[in-house]
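Novice: I'd like to ask you about the structure that follows.
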Amino acid sequence: AQSVSQHNHHVILSEAASLELGCNYSYGGTVNLFWYVQYPGQHLQLLLKYFSGDPLVKGIKGFEAEFIKSKFSFNLRKPSVQWSDTAEYFCAVRGPGTDKLIFGTGTRLQVFP
Amino acid sequence: DAGVIQSPRHEVTEMGQEVTLRCKPISGHDYLFWYRQTMMRGLELLIYFNNNVPIDDSGMPEDRFSAKMPNASFSTLKIQPSEPRDSAVYFCASSFPGDEQFFGPGTRLTVL
């Protein structure tokens, strides 16, 4: 079955630390990839997306992600996190020939001052 | 644009009662999605519409759940009868074809 895996369920960092959250998917063919963020008590908001072209995607708030086709991965990175980045992060994939997004289980990030 | 609008934001009801959740998508978006989010199961797609037509309802848990989209600017998700295990946050999202989905603020449903 098609799936999206986020290996890190809970990440705790201090401010200024670097962040990398893993995301792997099991689709073959052309995919669209997304990272969404959900701040406490709020709805999901798009951080960045990849459809085609440069596999290194820049998003909002200093986030970036790299699409590595050979590894079926789309990891999210940020060089220096802030306390305000405390949130839950969801990777999502839209496979070929479908309109549905399949979401990973999410990674809860806590950043301490 | 006001974004995706959902109402109510919070709903507390008793087991057995009917619950209706409402969603107004972003104007011009062709697609509308209903999701349910719980701690145990994460974010699940329940059903989605294209141009007001239901395309995939395979995520609807059981016959107690139904969704309609009578026009391009309004959709409802109904639970009848409600049960405590339906307690969750229900999100509506909308999009253009092949593009990102924009999420509403959600409805937090508590069934006692």
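The values are calculated or read from the model by the stated rules, or taken from the named source; none is laboratory data. Keep in mind that what you see is a predicted model, and the values were worked out from it rather than measured. Counting neighbours? That spans all protein chains shown, and the Cβs are built from the backbone with ideal geometry, glycine included.
Novice: Name the single residue, out of those in the stretch B:56-91 being within 14 Å of chain A (Cβ to nearest Cβ) and surrounded by fewer than 16 Cβ atoms within 10 Å (Cβ to Cβ), that is farthest from B:Val4 (Cα to Cα).
Specialist: That would be B:Ser58.
Novice: Still on this model: Hey, could you check the stretch A:1-25 for residues that are of a type in the set (Gly, Ala, Ser) and in contact with a strand residue (DSSP E or B) (Cβ under 6 Å, 6 or more places away or on another chain) and say which is nearest to the other protein chains (Cβ to nearest Cβ)?
Specialist: Residues of the stretch A:1-25 of a type in the set (Gly, Ala, Ser): A:1, A:3, A:5, A:14, A:16-18, A:22.
The next check asks that each one be in contact with a strand residue (DSSP E or B) (Cβ under 6 Å, 6 or more places away or on another chain); those that pass are A:5, A:14, A:22.
Working: A:Ser5: 12, A:Ser14: 26, A:Gly22: 16 Å.
Applying the filter and picking the extreme gives A:Ser5.
Novice: Go through the stretch A:30-49 and count every residue that is more than 26 Å from A:Ala16 (Cα to Cα) and in contact with a strand residue (DSSP E or B) (Cβ under 8 Å, 6 or more places away or on another chain).
Specialist: Of the residues in the stretch A:30-49, the ones more than 26 Å from A:Ala16 (Cα to Cα) are A:30-33.
Within this subset, residues satisfying the condition of being in contact with a strand residue (DSSP E or B) (Cβ under 8 Å, 6 or more places away or on another chain) are A:31-33.
Here the count works out to 3.
Novice: Among residues belonging to the stretch A:26-57 that are surrounded by 21 or more Cβ atoms within 10 Å (Cβ to Cβ) and among the aromatic types (Phe, Trp, Tyr), point out the one that is farthest from the other protein chains (Cβ to nearest Cβ).
Specialist: Looking at the filtered set, the residue picked out is A:Trp35.
Novice: Only residues that are closer than 20 Å to B:Phe74 by Cα and either touching a helix residue (DSSP H, G or I) at 6+ places or on another chain (Cβ under 9 Å) or within 8 Å of chain A (Cβ to nearest Cβ) (or both): list them for the stretch B:37-55, please.
Specialist: Filtering the stretch B:37-55 down to residues closer than 20 Å to B:Phe74 by Cα leaves B:45-55.
Scanning the stretch B:37-55 gives B:Leu45, B:Tyr48, B:Asn50, B:Ile55.
Novice: Output the qualifying pairs, or none if there are none: Cβ atoms under 9 angstrom, residues six or more apart or on different chains, first residue in the stretch B:73-99 and part of a loop (DSSP other than H, G, I, E, B), second residue buried (at least 22 other Cβ atoms within 10 Å of the Cβ).
Specialist: B:Ser73/B:Pro25; B:Gly98/A:Arg94
Novice: Specify which of the listed residues (A:Phe74, A:Phe90) is under 22 Å from A:Ile12 (Cα atoms) and within 14 Å of chain B (Cβ to nearest Cβ). If you could, list the steps in order and put the result at the bottom.
Specialist: Details: A:Phe74 fails: within 14 Å of chain B (Cβ to nearest Cβ).
After applying the criteria, what remains is A:Phe90.
Novice: Tell me, which strands (runs of 3 or more DSSP E) lie completely within the stretch A:1-75 with 1 or more residues that are at pLDDT 95 or above and over 24 Å from B:Gly104 (Cα atoms)? It would help to see each step written out before you state the result.
Specialist: Values: elements: A:10-14, A:19-21, A:32-38, A:44-50, A:56-58, A:64-68.
In the stretch A:1-75, the matching strands (runs of 3 or more DSSP E) lie at A:10-14, A:19-21, A:56-58, A:64-68.
Novice: Moving on to the next point. Pull out all pairs, ordered by first then second residue, where Cβ-Cβ is under 9 Å, the residues are six or more apart or on different chains, the first lies in the stretch A:98-113 and is under 10 Å from A:Leu21 (Cβ atoms), and the second is exposed (fewer than 15 other Cβ atoms within 10 Å of the Cβ) and of a type in the set (A, V, I, L, M, F, W, C).
Specialist: Qualifying pairs under 9 Å: A:Leu109/A:Ile12.
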